[in-house]
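Engineer: First, the structure itself, so that you have it in front of you.
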Amino acid sequence: MKEVILLTGPPLNGRDEYITEALKLAEGGSHVYYHVFDYIREVGKELGVKITRKNVLDFAISHQDLMNEIRDEAFNRIRNEIDESDKKYHLVSTPSLFRWGSGSVLGFTTSNLKLLRPNRVVVVLDDVLSVRRRIINDPEWFERFGKDPENIKLTTLVMWREDAINHVKTLVHELKKEGLEVRYVLQFGIRHPHEVFLNLIFRENEKPLIYLSYPMTGHEEEYYHRVRDFYDKLNEHFTVLDPGALDDWWVVAEYDNQVAKDPSIRRIKIKHLLDGEEVEELDREDIEQATDILRRQLVERDFNLVDVSKAIAVYHYAEEVSAGVISEMAEAYRTLAAIYLYYPFERRPSPFMEFYGMQNPSRRTMFKDKDEMIRAMVEEKDYWAKA
């Protein structure tokens, strides 16, 4: 049976670069990858219109009807190729929605999705400082911002994300009203290893989706090494969704630290998360405005990952109860996902954590040994993965 997977998201989040690199590792040749912009260029050329990466936004805003016609024909051609294909997986990549200046550009409409009939939608996301850096390093986009980093506001970038996700949610809701069921919409951070993406796309039956929940802030470096080791062990058996694969929280945390030290500070210095060296100075007011949106997006994103997962594995290597972890466990309980809790301390946790942490199929226990917990998850996988 053919499966169509829509890969989308806000612009400049590294979607196509990440997917292209991941697919180089794919085995078996059971997939086809459709980049919608390639089809738009092809259709435009046939109509005597030269559409390039540089002019596409201006063209789409100033020639909306013609752009809609070109985009619709691009989706028609992709649908025809899918129908004629003998492959199982059909990956279709295009931005969701993009606001620029006084206008907006839709990556797809309800009618496009009714034609495409996606089984799953994956919204591919990157953290806002990486998006900002990507703009600075892209001559065409940097020119759009006047070649001035000060013009690239974090508030703008978080609103790009907000618009893109909301557009997807709205259109998927419309599809459901038409009787076309999308299995899930998943917000996927590109800091996940490529192998996790391949498991998500191609091996979901063998490696069901699980969510890794853990206290994320205020710990020593050794703690995060422990979390990473646990994540790698889980990944041998499951497709593990990690909230740390989209990490904007460190921007908020650094802002809080510097303001606490100097309440009058106007410029916030932030080391980039990935290289730990390059320092960016950001306007305090911009971070404050972006933070309000980021905090809400963080909660919504984590709940989204819990909601699509069949189980959550809680790695609570901390005696103090994390409000975020408890909330994720409560959400998993609400969605009837299996919950496995690793809590290796003699001191009992809160009764709420204990209650949620014992909602696994057979053992009804918290685990003091993380390897024992993984063995239990594997042994009981057939039970909860089919729930």
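The values are calculated or read from the model by the stated rules, or taken from the named source; none is laboratory data. Computed from a predicted structure; not experimentally measured. Every residue, glycine among them, receives a Cβ derived from its backbone with ideal geometry; neighbour counts consider all protein chains shown.
Engineer: Which of (1) in contact (Cβ under 8 Å) with a residue 24 or more places away in the chain; (2) in contact with a Phe, Trp or Tyr (Cβ under 9 Å, 6 or more places away or on another chain) does S350 not meet, given it meets every other one?
Structural biologist: Failing condition for S350: (2).
Yes/no per residue for (1) of a type outside the set (S, T, Y); (2) crowded, with 19+ Cβ neighbours inside 10 Å; (3) modelled with pLDDT of 95 or more:
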residue: G9; (1), (2), (3): yes, yes, yes
residue: K54; (1), (2), (3): yes, no, no
residue: F59; (1), (2), (3): yes, yes, no
residue: D72; (1), (2), (3): yes, no, yes
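Residue-wise test of (1) surrounded by 12 or more Cβ atoms within 10 Å (Cβ to Cβ); (2) modelled with pLDDT under 90; (3) not β-branched (V, I, T).
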{"residue": "E331", "(1), (2), (3)": "yes, no, yes"}
{"residue": "A337", "(1), (2), (3)": "yes, no, yes"}
{"residue": "P344", "(1), (2), (3)": "yes, no, yes"}
{"residue": "R347", "(1), (2), (3)": "no, yes, yes"}
{"residue": "R363", "(1), (2), (3)": "yes, yes, yes"}
{"residue": "E379", "(1), (2), (3)": "yes, no, yes"}
{"residue": "W384", "(1), (2), (3)": "yes, no, yes"}
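Engineer: Answer with yes or no whether V158 is surrounded by 16 or more Cβ atoms within 10 Å (Cβ to Cβ) and more than 26 Å from K269 (Cβ to Cβ).
Structural biologist: Spelling it out, it is not the case that V158 is surrounded by 16 or more Cβ atoms within 10 Å (Cβ to Cβ) and more than 26 Å from K269 (Cβ to Cβ).
Engineer: Which of the residues that make up the range 123-165 are part of a helix (DSSP H, G or I), within 13 Å of the chain's Cα centre (by Cα) and not acidic (D, E)?
Structural biologist: Of everything in the range 123-165, those that are part of a helix (DSSP H, G or I), within 13 Å of the chain's Cα centre (by Cα) and not acidic (D, E) turn out to be V128, R161, A164, I165.
Engineer: Taking the range 323-382, which residues are part of a strand (DSSP E or B) and within 19 Å of D302 (Cβ to Cβ)?
Structural biologist: Matches in the range 323-382: A338, I339, Y340, L341, Y342.
Engineer: Moving on. Note down all Cβ pairs under 6 Å where the first residue falls in the range 180-196 and is closer than 20 Å to L129 by Cβ, the second is of a type in the set (K, R), and they're at least six residues apart or on different chains.
Structural biologist: What qualifies is Q187/R301.
Engineer: List every residue pair whose Cβ atoms sit under 8 Å apart, with the two residues 6 or more apart in sequence or on different chains, where the first one lies in the range 208-235 and is polar (S, T, N, Q) and the second, anywhere, is surrounded by fewer than 20 Cβ atoms within 10 Å (Cβ to Cβ) and not in a helix (DSSP H, G or I).
Structural biologist: N235/P193
Engineer: Here's a follow-up. Hey, can you tell me all the residues within the range 234-267 that are touching a Lys or Arg at 6+ places or on another chain (Cβ under 8 Å) and exposed (fewer than 13 other Cβ atoms within 10 Å of the Cβ)?
Structural biologist: R266, R267 - these are the residues of the range 234-267 that are touching a Lys or Arg at 6+ places or on another chain (Cβ under 8 Å) and exposed (fewer than 13 other Cβ atoms within 10 Å of the Cβ).
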